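In what follows, a structure is listed as structure tokens, so that the remarks can point back to it.
The values are calculated or read from the model by the stated rules, or taken from the named source; none is laboratory data. What you see is a predicted model, and the numbers here were worked out from it, not measured in a lab. Here the Cβ is made from the backbone with ideal geometry for all residues, glycine too, and neighbour counts use every protein chain on show.
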Amino acid sequence: MDRCIVLVDAGYLLGAAASLLAGEPSRSRITVDHAALIQGLRERAEADTRQPLLRIYWFDGAPDRVPQPEHRRLRVMPRVTVRLGALTRSDGRWAQKGVDAAMHAELTELARNRACSDIVLVTGDGDLLPGMMSAKEHGVAVHLWAVQAADNNYNQSEDLVAEADERRVLDRAWITQAVRARDLAGACPPPPAPRPEIAAILSAPPGDPHTQGDRQAPAHESAHTASVNGGVNGNGENGGPDRVPAPKGVPTPKDLAALRAPGPQTATAPAPQPTTTATLRWSSDRGWVERPGTPPESAEAATLPTLAQLTSAEQRWADHEEDITSVGGDAYEVGQVFARRWIQRVTDPSCLDKLSAEYPRIPHRVDGELLRYAARFGLLAHKDDQIDEHDRYAIRAGFWREVDSHTGAERPAVAE
């Protein structure tokens, strides 16, 4: 039939774009306007083939084939079909599994069924050579597109290039219409202003053992996580000895609790006195175990409504639409979105004050709901289906930042 189809290997397209614009193939180094990218692919395909577009197939990998935020945005766009392979981690690197096989199967099936007259392949993998040859034998014209290589050399299989009917290079000017190099300095959202007990940790003298972690952390890491670690224990769950050492200057509940008790006493030095009083609190999607010296959750906190209780069926549908079209899935952003919806829908103004007073422990019913909401965005560690520790911190930081923005809470400045 006289129409064209585009098959996109997202790993190749975005990896090559990252190499071109950011100097390395990591997709985390770029930001992508997927709507603009899809529109650009459609316009270029129709112009090159002189045929109307039937469909764009987007092939990508995802952990356990669970759609990530970008995949959810793409699959609701007109004329876009998303096909996911597995994404596995080996020797510290991520690798796609099954994507090439899926592209090969789709390519040969479309050609065999005469679904189109022209197929555009955006890929560099030579494994697709047999599929390309089969498509040509069925009378389909195959167009091969490449992303401009950073070194002006080939970033495609030479056999694939030789077999293609038509070839085009997507140059830097075309790529930058939808893809930008990420500004790492401004990639992280501004850190929330610290709460008083965290400020006490951060402003302690450099030699204070309560502020010393087991490793040094870069300044930007400490700045981003400083306000996040105050309400969660080392592993984000109910505690335990297997916690990740905290970076220097970043308080953990263990640090906060240490302020309440004198340090070790020696023959030459008396025990240091606590510098302030702080309460060890934490949140968990599985509840918590009360520790000695830790007050239980207040009765008022236990009665705070969950977001599900505040949400109507119509709002739930609108939330779903917003999640798949405009919520990017960044952990910090997810926390903000959840808190904003809760604040907008709670009818009793005193509930917001009660929630703010519970800092840094989010009431366990609300916190569990928050983490389950975050899990929908693929914020899960691959091995144990638990949200990554850093992401848990960022989710809760976004939550509290949104709460503070509505309560007008002002936090003291932290000494550098």
Output the helices (runs of 4 or more DSSP H) that fall wholly within the range 47-166 and possess 1 or more residues being small (Gly, Ala, Ser), under 30 Å from Ser326 (Cα atoms) and in the same structural domain as Ala16 (by TED's automatic domain parsing), or say none.
99-112
Meets criteria (at pLDDT below 85, touching a strand residue (DSSP E or B) at 6+ places or on another chain (Cβ under 7 Å) and of a type outside the set (Val, Ile, Thr)) for His382:
yes
Looking at the range 1-42, which of its residues are assigned to a loop (DSSP other than H, G, I, E, B) and without any contact (Cβ under 8 Å) to a residue 40 or more places away in the chain?
Glu24, Pro25, Ser26
Out of all the residues in the range 310-358, which are hydroxyl-bearing (Ser, Thr, Tyr), at pLDDT 90 or above and surrounded by 12 or more Cβ atoms within 10 Å (Cβ to Cβ)?
Thr311
Looking at this structure, is Glu158 under 20 Å from Arg3 (Cβ atoms) and more than 32 Å from the chain's Cα centre (by Cα)?
no
